[in-house]
Structure formats: structure tokens, C-alpha cells
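Scroll down for the structure; my scribbles are underneath it.
The values are calculated or read from the model by the stated rules, or taken from the named source; none is laboratory data. On a predicted model such as this, the values are computed, not experimentally measured, just so you know. Virtual Cβ from ideal backbone geometry, glycine too; neighbours counted across all protein chains shown. Areas reflect the complete protein model, heavy atoms only, side chains present, ligands, DNA and RNA absent. Shrake-Rupley method; radii C 1.70, N 1.55, O 1.52, S 1.80 Å.
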Amino acid sequence: MSIVPKETIEVIAQSIGINNLSEDAALSLAPDVEYRMREVMQEAIKCMRHSKRTILTSDDVDAALNLRNVEPIYGFASGGPLQFKRAIGHRDLFYIDDKDVDFKDVIEAPLPKAPLDTSVVCHWLAIEGVQPAIPENAPLEVIAPPSDGKNSEQKDKLPVDIKLPVKHVLSRELQLYFDKITELTLRRSDSALFKEALVSLATDSGLHPLVPYFTCFIADEVACGLNDYKLLFALMRVVWSLLQNPHIHIEPYLHQLMPSVVTCLVAKRLGNRFADNHWELRDFTASLVASICKRFGHIYGSLQTRLTKTLLNALLDPKRSLTQHYGAIQGLAALGPNVVRLLVLPNLEPYLRVLEPEMLLEKQRNEMKRYEAWRVYGALLRAAGKCIYDRLKIFPPLPSPPAHAVWRDNRKIVTCSNKRKAGTEHLEQPPPKRLATDGPVDVVSTDLSPSHMPGEAITPAPSNDSNVGPSTSSAHMPNSNDLDRKVERGKGDHRSMKTSAILNQVWKDDLKSGHLVASLFELFGQGILSFIPAPEMSLFL
Amino acid sequence: MDEEQVVKFVETYLKKKGFKQAELAFQDEVQHNSNANSVDIHSDPDLSLLLLSLSQSEDTPARYNDEYSKLRSWTHSSLDLYKPELLRVLYPVFVHCYMDLVAKGHMQEARTFFNSFREDHEMMHLRDLQKLEGVLSPSHLEEMEFAHTLRQSKVNIKICQYSNELLMQYLRNTKSTMMLGIVNDHINFQVSPGQPSLISDDAEVVTLIGSSQDAANQINKKEIHWGLLEDSLEERLENAGALLSDSEKTEGEAKEGDLDETKRRSIEGGKQGASVKKLKKDKAASATAKVVRPETNTGSMAPRVKSELPLPVIPTEVEQSIVEDLRNRVQLSSASLPSASFYTFINTHNGLNCSSISHDGSLVAGGFSDSSLKVWDMAKLGQQSGNSVLQGENDTAPSEHVLGPNGVKRSYSLFQGHSGPVYSATFSPLGDFVLSSSADTTIRLWSTKLNANLVCYKGHNYPVWDVQFSPVGHYFASASHDRTARIWSMDRIQPLRIMAGHLSDVDCVQWHANCNYIATGSSDKTVRLWDVQSGECVRIFIGHRSMILSLAMSPDGRYMASADEDGTIMMWDLSSGRCVLPLMGHNSCVWTLAFSCEGSMLASGSADCTVKLWDVTTSAKVTMTEESKSGSANRLRSLKTLPTKSTPVYTLRFSRRNLLFAAGVLSKSV
């Protein structure tokens, strides 16, 4: 009934010497005690307010009792917190532990330090509304966040409403559009309509509200559709289109998109059918990654570093499959020649050592595996070649227009031939390779590389200082010769010839990194030397 | 209903009420002339219903609970359009049910009833509920002011016709006579035809106050003259400005030669007893050489009134300095915020109860719980840092107060004389006097020049919570726990007027700019405006949800701001008695409010360790109804929040030049 139990009343009664308080009396006293208590607290709170405090002290209670003409309760000075102890044998009875104090101790104790006297200090809280950053003011970082919050509260009319977890409302049209696009992506990605859809995705201005849904959709579908090559390619095309759209602010969703994209680049298996040209998908994705890096690399500093790290890990892990290596190489190559030079070339030697046995017929019986190895090798060469080409461009005399054109042409040819290789030459190719790699791998390399070394790496060293022109032009000549032959044959392999020539050029020109380069050339030379007989063989064919 | 039944009812009624004699007599009568009963009950269904209810009410407590919960669920399932109105009825019914139960002695049932339904009303009436919770016996009902007034008065509820019909129909059909009784006894429906009113319109309706709403409305109809005083310095200055602009057109600025002469004349004029017209001209002339002050319309728009009090004469030198200040005043707006100087009290050992800053900011007073009043002279504080050359000048001031009893040099003058905590202090406009009020029920007047106590004003019977000097000095007002506010003049030890009417402590008091009115804020959650001359209450402002802690009057006399324990600040239009708009933002007690001198800005200082600046120029133009339509735009009014370093703000004051002074105690908590 009352929050004061009658037991309490009885205890109080006993404490003031009334031992035989009847139960009825206690019961009827209890509500009154509660009422009086509330009354005192109400007055005490008034006193607290008028002392401009927000914490009630025992002084306030004393003042309240004083107001009611009641003797204040002594012994509750608000020095420290009161220690209540539970009375033994009673559950709800507490008492205050009073320590015994010896008079002697009190008298003999040294005088306590006099408290400091009250004083007033003055400072500027604000100067024309701006708070100066002085130690007397609240620290700035404390000011900043709340004031930000308050400012937004003050400036926006309904800031709270905006911050509320409002349900994202999509218009009916957008929903239909989204449904249509997803349906096309999932089912009919080879229809002409899908192409139209991609164009629409890349150009329409009102699609921003759909971006989170698209990112989710892509992430979900990639996660569960790794076996569906067509779907993956369609999805990557959607990503590409979204990236192209100038009206879409896609940055906030990149972190959701990137994992799916990288998956399409370096996944072990993409598509479950033999005919699925996952190489093409990987190439496409690599260019996608590169474009993302180019566009957002400066906004997200960590984007490229994280990406390259992922790719490099994929490349250098020998346990990963060759398809993964291929994707990684393509990705790295797409990121630019500098990335290749810094990350791929140093690892070239050990990697090739791992790769070589895979390419050999006698070591690798599985044709598929061998083919994959060759694919990787081709990608590596291309990456290295691009890198070299870029290096060459640094030297002013070299990047003459023909070289440019030639290289471009060549690349196209290479991709064409690669595609063809995948289809038609699939069976035809291994024999020449086999022949090529038959014996010379060890023999020729040991024989020829030393002979090359003095010729290419040592002689240019002095010549480069005095006359760069002749050396580069002389190097250019065989280059074009090579090229002629290559065009004749229409074979991707000859690119290696050219690259090797350019490569030589670079190593020659690069004086600063003399020794390192020399050794690198040697390494790469081995790979290339193994290729040298190939044109002859094809000629023979 | 036949006779027998009636007899039975009457019998049970008498039995229940314990009228044994009457019962016996009744039985006799029934036996003797059973046919003589002539009360025509048949034609009066209400009466029979009443009788029925009276005879049935053996198990009353349960019925209260029953009927209330039925009413509650009915209300909650009523039509959306009428629900808000009907819900409003629930609270008074709830409160009176509870008190009825208590009054009839069903403590246990009352408590269970209270606890089972209190959640419904906690949001709106938490504080009232906390008070009522303590009522546990019939005697408490009599004793407790709040409960008593609730029982005595009727609650007014605006309700539309249809809602009223709905309610009455429901109550009749369900035969909830208990509820019907309560509704009839304690609620006064103001039935209005047409659509139900908006909820936002009548926030005040739900506040149960002692005096009825009618009375408040009646009071608020009285006429008040909120205009500024005629012939105030500011008005003179403004006229001067207007004249100046005229004269500028014709004469340009070629008046400098006359400057000395006019100044001299103005001083002479002042000495001669201030023939106003002459003075005005002089001011106009002297003002030409000064910086041209941008004109403000606020002051000139305000109507002028005559003072009803005989006003003290201001010395001419002082007048001059004030005019100088006014001329150099910074114009504040949302674009140009004021500079704020903060006086931090340190080492107060939790003992500082109040502080006050003089009009020019040079003196700071602190009232302490150890009954002392300390006054710091900030000008001297700066010199103390070792400038001994100026010490000679300081010697003119009595040095025994600066030097403590042990010869230890103190930075302040200590005023001792009170015998209880000092709750308030106020400087006279010129800074030569300080008044302090204390828990010892007295108000003391101190001279800052002599550093001595001059007068002790005894009149209140309980602690004096607040004391305020009038804007012209000489008069002051006090507010006390004895539920009165009093007006005093410095030269009399008895109060001139006693303002009685608040239902609880009067917590704060503030003078109107024209000195004809004072406003008081109380723990009964109302603010009242009193006519100083007649001592009558001329306005009641209802709307706060908790105890009023501070008040401020706008310099143009039109608006008043009040702040409460919860951190809500309300702006009131004095002439209409309506709330202009609430300013939300503080989350703890607002200890102090101050208007800037031209009234465009309100500063509030709070226990949440912030000073907030509010733009009140725009708010003045928007009434509350428009406000509610335009959404919660009051957030826009907050211009700036100035956080302090864990220092609750006790006092704010704008100097005449619109420099903001603030004072507070550095608290170690947090």
C-alpha cells in the first residue's frame, strides 16, 4: 500500500523508544510517513533549484526540514558518500556505519590545509559570436561535433525527419525498369534488347536511386552464379555501363561492387562449360578494373593498393590455378605498365620457373592444363611487352610514329590470333611449341644467352652516353623487320620477337639500373630464347 | 419500477450510509402507510438510475477501476477525429477517480488503480502524478494544496458538440454512473459547435491549475499598457537621431563648432531641472558630432506610457554616460552576434547559490550558502597583478574590507550579515547598491561604495528566493517561499505592495521595462503579471510543464520570456497573454535569461553548460498558430550555442553597449 513497509515504522518506533507500537498504528502511520517524506523531498528539490544545482545534497534536505520547522538531521554532512551497511539478520534493514574516532587522534592530527579562497577569473567566451580557442573555453573538438549536429538541426528545417530511417521509396517506373533490366541480365543477355539496356544504363540520368539495388543485385548474382559464364559476362557489362553513366554517383557503392568484379577476374572457375570463353571475360573485367582504378583511384587512395595486393597474391600463390594467374596478370597489366614493372617483373624469374614445366608436353600431359599455361605465358609476355613499350616511350627518339602504329596493329593481331587460337588453332598449336621447346630450352639458352649478353647489354653502355640516336635507330630496324615477318605469318608468337627486341633496347638504355637489368634480361631472355626457334618452325610449316 | 423496489433501494441506501435512525424511521413509515409514498419515480429515469447506482455501490473500488478501464478502452477505440478531445477527458477523470478512492478510504485500491493507469498520463503530467502519488489518506487531500485545489475547482475542457454527445451517450448507455458523476462534478465542458479543435491550440487545457481557466481568461482580459516610459533616455536619443537625420539634410555635418557650447548647455539644462524640450534639442545638437546610429523601429513603434510610480531623478553625469553607451551600442542581429565575456567562479566548494553582474559588467556579486555575499570589482582585479603605482588611488576605498581579518589580501569585498544561504543578489542600475535575499527571510541592502550593510528589510515569512531592482533603481521586488511577491522601496523597511495569488512558491521576479508591472514565476507552473500600482494580477501565463526558474522582459516591453526546469523557454505576448512560441534546445534547467538591449536577441544560460543565443525578431512576427502550420521552425531561432568548459551558467547580462556578460561556477563533475 505504501512504499514504506510497516516493519520500517516499527523499527523507527523502537529506535525512539516505543516498543509496543500496535500493528494497526504502524499500518496507518506508514502512508503518512510516505507523504511527509515526499513533502520534504519536494521542498528539498526547491532548495536545490534555488542553489542552482542539479544534484540534491543533504544540505537541501536540511533546509527543507528547516522550512517545515523540523529539527535537521545531524551527522549527514555531504562530505563523502554515505556507507550503508546491512543489519545482520534483517533483509531490508540498513544502518550507517559510524566509525569510532579517538579524541586524541583528532586533536593531535595536523591541521588540514586551508581551502583555497573563492575567486573570479574572466575570459572571452565568444568574440562576435566566435569562440576563441583558449584553454578557458571548452576544447574545440568537443565543440565541433555537437555544434555540427546542432547546426544541422538548426539549419535544416526537419533534420530529424531526414535522419530517421525513412523507407527508401522507389517510383513505380524505376521498379519496373529495375525488374526489366535484371530480367534481361539473367535470362536474355545475348538479345539485342540487352544491348539497348546497356546503352540506357550508361546514359540515362534518373537511375541514381537504383544504384544500391543494382550493386546488391550484381553482388548477389556473382556470388551464386559463378558457373554461369553468360550471366557473369552480362553482369560485368552492366557494371561497365553503370560506370560509364555520368549521372550516377557510384563511389559510395564501389566497396560493394569491387569484390564481385575482382571475383570475375581471378576466380578459379568461371562458367562450367568447356566452350565458355572465360579468358575473354577475364580480359574484359581487367579493363573494367583498370577503368575503375583510373576514375576513383585518387578518391580512394587505398583502392589500387588493395587491388594490386589481391592480384599479386593470386599471382604468386603457386597453389592457385593457372586461370587465376591469368586473371591476375591481366588485371595487373591493365593497371598500367608501371604496376607491371614494379610488381610483375621482379617476380618473373621464379614464376617462369614454375610455369615452364606446365607448358611442356612431356611434363604436363593434360592438354587443357598445357593450354592454360600457354595462355598465362602469353599474358605475361604481353604485360611485359607493354611495360617495355612504355619504358621505350620514355626515351625521346624511340617512340617514332611507325613504332606506335606497329605496336597497335600488333596488339590487335595478337588478340585476334589469340581468339582464333582458342577456337581453330587449338589443336594445331601445340606441335610447333613442342618442337620449339624440345631441346633448345636448356642447350640454346646456355649457349646463346651469354653471346647475347655481351652484344646487347655491354656495348650499348658506352654508346648510350654519347649517341643515343644511332643505338635506338639501329635497334629499331630489326624491330620493323621482325614486324614484317610477323605480319606475314599472322602469328602471335612473333610478337615475342619484337618484344624481346624492344626489351633489349630498354635494358640497353636503362643505364641506371645496369646490373639489375642485366640479370633481369638474362631471366627474361631465357623465356624468350625458348621461343626463338618458333618462327623458324612455323616457316618450316 | 414498483414501490417495493424503491423501498428496498432507500433502505439499502440508508443502511449503507449508516443512517440507522433514519432507516428505522423509514421502515416504520413504510410499514404504517405503504400507500402514501408519493414520489413519482417512474417519470424520472435519471433519479431511478441514481438510486440504482447508490444501492448497488457495495463494491465501489472495483467499480471505479472497471468503469474507468471501460471508458479508457472506449476512448481509445473512438473515431480518430474526436479521439484527441476524448482523450483529454481521461486525465481529469483518472485523477478524480484516484482521489475519490482515497477520500473514501480505499487506500489499497487507490494505489492499484493509480499504478495500473498512470502510464497513460505520465508523458503529459509526470510532475503532477508524482505529487499525487504521495496522497494516501483523506487528510492528505485536505492538506495538500494541489489536491485540494483540484477537488475544489472544475477543469475546463474545450470539446466539440459531437464529442460531447458521444461521451454522454456512452456514459449513459453503459450506466457508468461513477464516471458520469465525476464528469459532472469536476469537468466543465465548453461545448463548441462544429469541428473538433486542433490539439496544438490548447496545450494549456490539459494543465490542471487551481484557479479555473475562466478566471485566468477573465484576468487576461484586463488592459495593460506595455509601452515604454515616456521621455526615457532611449526615446530622447531616438528623437535626437530623427532630428539629426532631418538636420543632416539641411545642414550637413557642420555643427562641430557648436559642440562645446551645446554640451555645456545640456549640462546646465540638466541641472536646472531638465526642461525636456530643451534637453532634446541639446541632445540633437550634440549628437551631430557623434557616430550616427542606425535607426531602429522597434523602440519608436512602441507606444509610450506614463509611469505610475514617482521615479527617482537620475544624476546628469550618469545620464550622460548612459547616453554615451546607447550611442555606442552594437546592433545585434543573426548576422552580427555579440561578444561574450565569461566570469568563472573558482574554488567555491559547491557553495555559490547565485551571482549577479552590474550593468556595466565591472562588478560581480556572488551569494553563498555560508550566508556571505562577496563582490568582486573586475576593474581592480586586473590591476592587482602587481601594478603598485595605482595602489595609491585604490587607497581611497576603505581598505579594511579588502584586507581580511588576518591581513591576508582578498580580491573581493565580503558582506556578512545574513544568517542563511543567500539565494539572490541584484545590483542597482548605477552599481552603487547591492541587494541580497536569503533563507533567513530578510533582504539586505549593501553599499558597494561604503562596503557596508545599510538596511535590512524584514517582511517575508519564509526564505526569499529572488530579489530584483527596478530598471530605474530605488524600487525593488522580492519573491518568496511564502507564495507572495512584494514591492519595496529603498527608503522604507515595510513593503509597499504584496502580490498574493500564486498557488506555490514564487521563484523568480522580473520588472517590466516601464516599471509599472512585475512578472513572477512560480512553482505552480504559471507566470503572473502584476500591476505595481494596484497590486492586482493582470495576466496569467499558463503553459509551462514545470517550475519557472527565470524570466526576462523585452526592452520594448511587449514580450516576456520565461524558462523552466526542463529547459523549455517560452516567449509570451504580454498584451494577449498568449505564448508566442516555445524555444526548445536546452536539456537542463535554464538558470538565466537576458534580452539584448534593442530586443532582437535572447540569451539563455543553462545547467547543461551552454549559453544559447536565440533570434527573437522573426519569432515576434509569427504567432503560434502560424508557427504550428509552418512546422517546427523554432529550431531556426537558435542562432548559436556557446558551450562552456563544464561551467553551468548562472547569470547573463547584456551591457548597455550589448556586450554579453555571463557568470558561472566551474564544477568539477563530469
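A quick yes/no check of all residues on (1) part of a helix (DSSP H, G or I); (2) under 25 Å from A:V289 (Cα atoms); (3) open to solvent by 20 Å² or more (accessible area, probe 1.4 Å):
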position	(1), (2), (3)
A:L332	yes, yes, no
A:N347	yes, yes, yes
A:V354	yes, no, yes
A:M368	yes, no, yes
A:A373	yes, yes, no
A:V376	yes, yes, no
Regarding A:A114, is this residue within 44 Å of the chain's Cα centre (by Cα), aliphatic (A, V, I, L, M) and modelled with pLDDT of 75 or more?
-> no
Do we find a residue being modelled with pLDDT of 70 or more and open to solvent by 20 Å² or more (accessible area, probe 1.4 Å) anywhere in the range B:198-217?
-> yes
Go through (1) under 26 Å from B:E565 (Cα atoms); (2) open to solvent by 60 Å² or more (accessible area, probe 1.4 Å) and name the single condition B:F114 misses.
-> (2)
Residues of the range A:347-359 satisfying the condition of being without any contact (Cβ under 8 Å) to a residue 40 or more places away in the chain and within 30 Å of the chain's Cα centre (by Cα) | A:N347, A:P350, A:Y351
Subset of the range A:47-57 (residues that are in a helix (DSSP H, G or I) and surrounded by fewer than 17 Cβ atoms within 10 Å (Cβ to Cβ)) = none
Of (1) assigned to a loop (DSSP other than H, G, I, E, B); (2) in contact with a Cys (Cβ under 8 Å, 6 or more places away or on another chain), A:M236 satisfies all except one. Which?
-> (1)
State whether one or more residues within the range A:88-101 are assigned to a loop (DSSP other than H, G, I, E, B) and either modelled with pLDDT of 85 or more or in contact with a Phe, Trp or Tyr (Cβ under 7 Å, 6 or more places away or on another chain) (or both).
-> no
Select from the range B:564-585 the residues that are open to solvent by less than 30 Å² (accessible area, probe 1.4 Å) and within 14 Å of another protein chain (Cβ to nearest Cβ) and write down the one among them that is nearest to B:G521 (Cα to Cα).
-> B:D564
Flagged pairs (Cβ under 7 angstrom, 6 or more apart or on separate chains; first in the range A:1-20, crowded, with 16+ Cβ neighbours inside 10 Å; second at pLDDT 80 or above and of a type in the set (S, T, N, Q)) are A:M1/B:Q108
In the set B:T316, B:T344, B:T348, which member is of a type in the set (V, I, T), touching a helix residue (DSSP H, G or I) at 6+ places or on another chain (Cβ under 7 Å) and either facing chain A (nearest Cβ under 10 Å) or surrounded by fewer than 17 Cβ atoms within 10 Å (Cβ to Cβ) (or both)?
-> B:T316
Condition test on B:V89, is it buried (at least 17 other Cβ atoms within 10 Å of the Cβ), assigned to a helix (DSSP H, G or I), in contact with a helix residue (DSSP H, G or I) (Cβ under 6 Å, 6 or more places away or on another chain) and more than 14 Å from every other protein chain (Cβ to nearest Cβ)?
-> no
B:I224 outside any helix (DSSP H, G or I), at pLDDT below 80, among the hydrophobic types (A, V, I, L, M, F, W, C) and within 23 Å of B:I540 (Cα to Cα) = yes
If you go through the range B:640-654, how many residues are in contact (Cβ under 8 Å) with a residue 60 or more places away in the chain, assigned to a strand (DSSP E or B) and under 20 Å from A:A133 (Cα atoms)?
-> 2
Would you confirm whether any residue within the range B:488-501 is of a type in the set (A, V, I, L, M) and within 19 Å of B:T651 (Cα to Cα)?
-> no
Inside the range A:200-230, the number of residues satisfying the requirement of being under 25 Å from the mean Cα position of the chain (by Cα), part of a helix (DSSP H, G or I) and of a type outside the set (G, A, S) is 15
Whichever residue in the range B:352-366 is outside any strand (DSSP E or B) and open to solvent by 10 Å² or more (accessible area, probe 1.4 Å) and, among such residues, is nearest to the other protein chains (Cβ to nearest Cβ) | B:S362
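Conditions tested, residue by residue: (1) closer than 29 Å to B:R483 by Cβ; (2) in a helix (DSSP H, G or I).
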site: A:E7; (1), (2): no, yes
site: A:V11; (1), (2): no, yes
site: A:I18; (1), (2): no, no
site: A:D32; (1), (2): yes, yes
site: A:Y35; (1), (2): yes, yes
site: A:R38; (1), (2): yes, yes
site: A:Q42; (1), (2): yes, yes
site: A:I45; (1), (2): yes, yes
Can you confirm whether the range B:542-552 contains a residue that is closer than 22 Å to B:L332 by Cα and either in contact (Cβ under 8 Å) with a residue 40 or more places away in the chain or touching a helix residue (DSSP H, G or I) at 6+ places or on another chain (Cβ under 9 Å) (or both)?
-> yes
For A:L82, indicate whether it is modelled with pLDDT under 80, within 14 Å of chain B (Cβ to nearest Cβ) and under 60 Å from the mean Cα position of the chain (by Cα).
-> no
Within the range A:290-328, the residues that are farther than 21 Å from A:A379 by Cα, among the aliphatic types (A, V, I, L, M) and open to solvent by 70 Å² or more (accessible area, probe 1.4 Å) are A:I299
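Conditions tested, residue by residue: (1) crowded, with 20+ Cβ neighbours inside 10 Å; (2) part of a helix (DSSP H, G or I).
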site: B:Q130; (1), (2): no, yes
site: B:L136; (1), (2): yes, no
site: B:S139; (1), (2): no, yes
site: B:H148; (1), (2): no, yes
site: B:I157; (1), (2): yes, no
site: B:E165; (1), (2): no, yes
site: B:Q169; (1), (2): no, yes
site: B:L180; (1), (2): yes, yes
site: B:V183; (1), (2): yes, yes
